[in-house]
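To start, the structure itself, in structure tokens.
Any read-out appearing in this document is the output of simple, stated calculations on the displayed coordinates, not a laboratory observation. If you're wondering where the values come from, they're calculated on a predicted model, not measured in any experiment. Quick reminder, even Gly has a Cβ in these numbers, built from the backbone with ideal geometry, and neighbours come from all protein chains shown.
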Amino acid sequence: MSAPGVASVGSASGETRAVGGAFATRLAPALVVALSVAAFLGLWQFVVKAGLIAEQDLPAMTTTFSELWTMMHTREFWTAFGQTVRGWALGLGIATALAVPTGILLGSSQFAQRAFRIPVEFLRPIPSAALIPLLFLTLGTTLQSEVFLATFGAFWPLLVQTIYGVRDVDPVVLDTARSFGVGRFERLYRIKLPSSVPYIATGLRISSAVALILAFTAELFMGTPGLGHIMNVAESFGLTVQVYALALATGFLGLAIYVLFAALERRALRWHPSQRAEAP
Amino acid sequence: MSRRAYQSTAIAAELAVPLAILAAWQWWTVQAADPKFPRLSTILVEFRELWLFSQFELHVVPSLIRIGAGFGIAVVVGIVLGIPLGLSRWARIAAMPHIEWWRAMPPPALLPISVILLNSIENRQKIAFIAFFCLFPILLNTIDGVRGIDPATFETAQSYGVRGFERIRRVVLPAALPQIFAGMRTSLSLAVIVMVLTEYFSSTSGVGYVLLISKNTLQLAPMWAAIVLIGLLGYLLNLLLILVERRMLAWHRGWRAATAQ
Amino acid sequence: MSTEGGHLLEIRNVAKTYGGGAKATHAIGDVSFTVDDREFVCVVGPSGCGKTTLLKCVGGLLRPSSGRILLRGSQVTAPPEEMALVFQEYGRSLMPWASVRNNVLLPLRHRKLSRAERKALVEESLDAVGLTRFIDHYPWQLSGGMQQRVAIARALAYQPSILLMDEPFASVDAQTRGDLEDLVLRVREQFAVTILFVTHDIDESVYLADRVVVLTHAPTEVKELIDVDLPFPRDQIATKELPEFTHLRGHVYRLIKREQAQPEQQLATATAATKGDGA
């Protein structure tokens, strides 16, 4: 319905609705997604079986999935899985408990924010990965190391998002409240906090991913118990299929976390359609 | 307090707080006398000796090359793929499951695989690894940037017969560029992290490698110097990107300011 | 020149419906009129009567549900080369990343012209709208009225034979509007273009037009075609003091007042139009 060379912009649903009704808008996308995934899996299988990539470098799709299935019946797998989740959860939890109050404090006080601007800007870009050797030597290959790493990494995105959320309130709303004699603490509690919830939700989505990356990194490099550790062990024993199967498992874990927190974020954003922007 | 007084106090605080933190760091490390936490002064000395400039060529340059190449590839591929995906709804639907999957996958989980699959720990493995993971923030932001283009802009192009590659070059790309730069900033900080990870995991050169070796040989001062360097690299690269962005998006700031009224 | 016995532009029984079945919104019911070469035709109607939708159909941005748009006898299915469109929201149709010069240049780039020819066109059209001094400024550095002039200059540089204008001065303040109206009249003379001008401002429509097309409320039809016999050149003060002017505007006003119909109809049309646009 457009001039040649112009793809449908934005909502094409006006046209599709005319064509097929419910099929086009609901079933067709799901079908395309399913086909797309199937195509990828098929391609994977084909590439290996046709010899384009050696099977010792890339196990077949079917082999990998069946290995994963087998692993899921072992206790070791689920223990490791639980350990990774534990490290992640603790890291994210502590980071949240630290970052949100600090963020609220820094966000609501112009003075505090200015005072701490430089340290935050300098500490922020330090990749937590660089702390691995330090942690190895101080806290050792323990849960604390893993949690510390995950916390350190997850802290910063959440802090920044919280600060922006508290700051990004419409000044007109605040001025109105002030003119009605609403006190400072109440303004924080009733206006700034609720309006910063979407930002915090975005921060959680980002931080939950970072926490997982770091928990896994700690396990892979330091040997703290978890999926990363058994992947490292499998690799050193040359058990390629297991390495791939574990990567799959980790991918699913990452996906589950993403879906959960993205849904939470959407929920939070729904109430504040104006506050959509992610802080730079 | 008066505006003047407030301003000068704020500036004083801006300078005083970092200095106070550094001073406290120095004081604490002297007090603790723990070899694992060398004095700040020792670290700084080691930093200068190590990186300026004896080991610079040996380690810093390879690391920078890997980041540069990986990031560069990610930018090009991200934009080239992102624009058509942003324009076509069905292509987007088909590609989304893959994008979401790889974006949710923690990079370290693929480290062993990258070595196995590419059969090497040379530069090509590292650059490929960095490029792969840096791709996604840019790709996603390009898609969002294109999708967010005002329909009026497209209608104008359409009514003047601006089509195909020309439309992409003169309308779509400039319009999406602010969002693309946001993705590039995320990608760049990701590049530094991923570089450290790959070098720490399996390498014979680079800053991450130095980190590993100094840990293994229990040389704490160089280890700390490496940590400081990594932080500094991240900061400087980010600064560089911001400068480039300022130059290329000067129009954007002006436009936002003008339309904000 | 018009085709023999025919007109430059023919809008024949155009209808536009959004949605289907029970939820269908008939934005345009049945609109027919013609436009001859070098005519200035204004289209007025009550709010929500699908004026913008109609103009987009004529401009080839939307396909009518039924009926045809004929340009020199052949059907319009895509934006024709000889038509240029000027939107109401200049801020959204001008590219903020390009200077005024490059904005005006954009439609010319894919035409087979030499660099010198393009440059000449750009400068000529900017001169016609009086913005030569600002050729290297950015659009957002200019006032609203000036931005709209850039949009007009861009349309002129394109050298269309037909200029479609969709409430172009609605977002501009009243005094600037007067200047822009006179600018459009001058431009019509200077460049010998045909103009189809949509507006909700009744005074403006009578002031500018050779003919006024008055539309009904949705589902839109042509209520009346009025010939405007006012002398040229038009003047903001002198013309508007003429008894003929008062009589005409009163007539149009009365027609439209009678058309201010059920609010639900207007709301439905306007909502459907904004949702379905761009398809």
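Below are the figures for this structure:
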read-out: Per-bin percent of Cα-Cα distances, segment C:90-159 [5 Å]; value: 3, 21, 34, 25, 13, 4, 0
read-out: Debye equation applied to the C-alpha atoms of segment C:16-110, log10 I(q)/I(0) at 0.21 Å⁻¹; value: -1.21
read-out: Computed FRET value (nearest 0.05) for A:R86 with B:R246, which takes r as the C-beta separation and R₀ as 51 Å; value: 0.70
read-out: Label-point gap, in nm, between C:I237 and B:Q7 - each point 7 angstrom along Cα→Cβ; value: 4.9
read-out: Within segment C:135-174, backbone nitrogen closer than 14 Å to the virtual label 7 Å beyond the Cα of C:L113 toward Cβ; value: C:153-161
read-out: Average Cα contact separation per residue, segment A:64-270, under 8 Å, 6 or more apart, as relative contact order %; value: 30
read-out: Where only alpha carbons of the protein assembly as shown are counted, the Rg and the Dmax (Å); value: 32.4, 102
read-out: Viscosity 1.002 mPa s, temperature 20 °C, Stokes-Einstein D of segment A:151-268 from Kirkwood C-alpha radius, µm²/s; value: 128
read-out: Semi-axis lengths (Å, descending) of the ellipsoid that matches the C-alpha gyration tensor of segment A:59-216; value: 40, 19, 12
read-out: Structure-based [θ]222 nm, chain B - -39500 (n - 2.57) summed over DSSP H runs of at least 4, per residue, nearest 500; value: -26500 deg cm²/dmol
read-out: Sequence of A:T224, C:T194, C:T77, C:T176 once ranked by neighbouring C-beta atoms within 10 Å, starting from the fewest; value: C:T77, C:T176, C:T194, A:T224
read-out: Fewest-first ranking of A:M61, A:M231, B:M184, using other Cβ atoms within 10 Å as the exposure measure; value: A:M61, B:M184, A:M231
read-out: Euclidean distance between Cα centres, segment A:91-169 to segment C:75-91, Å; value: 53
read-out: Rounded D (µm²/s) - segment A:27-73, Kirkwood Rh over Cα pairs, Stokes-Einstein at 25 °C, 0.890 mPa s; value: 207
read-out: For segment B:156-238, projected area of the alpha-carbon convex hull averaged over all directions, nm²; value: 7.4
read-out: Cα gyration tensor shape of chain B, rounded if a/c is under 1.5, else prolate or oblate by comparing a/b with b/c; value: oblate
read-out: Estimated inter-spin distance, A:L123 and C:A174, nm [label 7 Å along Cα→Cβ]; value: 6.0
read-out: Percent RCO, i.e. relative contact order, over chain C, from Cα pairs under 8 Å lying at least 6 residues apart; value: 27
read-out: Potential lengthening between C:R68 and C:L230 on full extension [0.36 nm per residue; Cα-Cα distance subtracted]; value: 55.2 nm
read-out: Estimated FRET transfer efficiency when R0 is 22 angstrom, pair B:A20-A:Q110 (beta carbons, to 0.05); value: 0.70
read-out: C:R186/C:E123 FRET efficiency (R0 25 Å; Cβ-Cβ; nearest 0.05); value: 0.90
read-out: Radius, Kirkwood style, for chain C when every pair of distinct Cα atoms is counted (Å); value: 19.4
read-out: Within chain A, helix-based [θ] at 222 nm, where runs of 4 or more DSSP H residues each add -39,500 (n - 2.57), nearest 500; value: -24000 deg cm²/dmol
read-out: Value of Rg to Rh for chain A (Rh from inverse mean 1/r over Cα pairs, i.e. Kirkwood); value: 1.07
